[in-house]
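First up is the structure itself, then whatever we jot down about it.
The values are calculated or read from the model by the stated rules, or taken from the named source; none is laboratory data. In this text the structure is predicted, and so the values were computed from the model without any measurement. Because the Cβ atoms are built from the backbone with ideal geometry, glycine has one as well, and the counts that use them run over all protein chains shown.
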Amino acid sequence: MIFDLNPTPYLLTKVDGCEKLNKHYDELLKSEEYRPQIKDKHSKVNSTYAHASAEDQQDIYDELMDSIFPYFAKYINSFGLSTNKINFGMDVWHNIYNKGDHQSVHSHCSNNNVFSFIYFVKLPSNSGDVCFFGNDLSKHFYYTGFNDILINPITDKFVPKVETGSLIIFPSHREHYVSFNESGDERITISGNIGVKLDADI
Ligand SMILES: [Fe+2]
C-alpha cells in the first residue's frame, strides 16, 4: 500500500469584525506614511517587511492582533497547548500588490518562527491566489528539477479559499507563493510570523 505523508493542519476563518478592521486599514493606508514604497530583497511587492520604518509602525496592527488572537489560541489548542503556557512574539508587516505583482516561492522559516499568518484586507477578484505546494512531492520535484523530465509533472498546489476578511494561520515551514495580480485594483494583505518558546517558569 502507498499512503500520504505529512498532512499539515492550518486554520482558515473569516475574522469577526473584519469590516471594521478593513475600514480602519483603508483609512490608514490613504496616508503616504503607511504606504510601503519599496520592493526589497525579501519581497517583490511593496511591503513594509524589513524596512527601517516597519518597527515604528507596529502600533497600526494592534487592533488586528486583538481580533486574531482568539483564532491563534484555537489553533494552538489544536496542538494540545494553551496560549498561557507559552511565550510568543509576533513580527507583522503589510503588503500592497499592484497590477502585475506576485510573490515567488518562499517560506517564513527563520529565527524561531513556528507559525505564520496572512490576513486579507483587500482581495479583489483576480488579484492573486496564495498557493501552497499540494504535497511534499510537488515541492521536492520542483526543487530538484525532476518535474522537468516528467511527462506528467507533479505540480499539485493547494489554494485556500480566502476572501476579504479571511485569516489563515499555518506552520512557517510551508512554502507558498502568490500568483500575479491581474486585476486593476490593489491587493492588500497583512502578514506575520509567530515565534513561540516554552516558558520554563510556568
Ligand atoms: Fe509569505
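A few notes on this one:
- Per the listing PHE141, PHE180, PHE132, the residue uniquely in a loop (DSSP other than H, G, I, E, B) and among the aromatic types (Phe, Trp, Tyr) is PHE180.
- Which listed residue is under 17 Å from LEU11 (Cβ atoms) and of a type outside the set (Ser, Thr, Tyr), from ILE96, ILE154, ILE149, ILE68: ILE68
- When SER116, SER110, SER67, SER125 are screened for being modelled with pLDDT of 90 or more and part of a loop (DSSP other than H, G, I, E, B), only SER125 passes.
- Where ASP136 falls short, out of the listed (1) under 12 Å from the mean Cα position of the chain (by Cα); (2) more than 14 Å from the ligand (Cβ to nearest atom): (1)
- Residue match in the stretch 106-121 (condition: in contact (Cβ under 8 Å) with a residue 24 or more places away in the chain, under 25 Å from PHE69 (Cβ atoms) and more than 16 Å from the ligand (Cβ to nearest atom)): yes
- The set of residues in the stretch 186-202 being in a loop (DSSP other than H, G, I, E, B) and within 24 Å of GLN57 (Cα to Cα) consists of GLU186 alone.
- Positions within the stretch 146-202 being within 24 Å of TYR71 (Cβ to Cβ), at pLDDT 90 or above and of a type in the set (Gly, Ala, Ser), in sequence order: GLY165, SER166, SER172, SER191, GLY192
- Members of the stretch 148-169 that are surrounded by 12 or more Cβ atoms within 10 Å (Cβ to Cβ) and either of a type in the set (Phe, Trp, Tyr) or assigned to a helix (DSSP H, G or I) (or both): PHE158
- Counting the residues of the stretch 81-95 that are in contact (Cβ under 8 Å) with a residue 40 or more places away in the chain, more than 13 Å from the ligand (Cβ to nearest atom) and either closer than 19 Å to ASN193 by Cβ or in contact with a His (Cβ under 6 Å, 6 or more places away or on another chain) (or both) gives 5.
- Qualifying residue in the stretch 155-164 (condition: within 16 Å of the ligand (Cβ to nearest atom), in contact (Cβ under 8 Å) with a residue 60 or more places away in the chain and within 17 Å of the chain's Cα centre (by Cα)): yes
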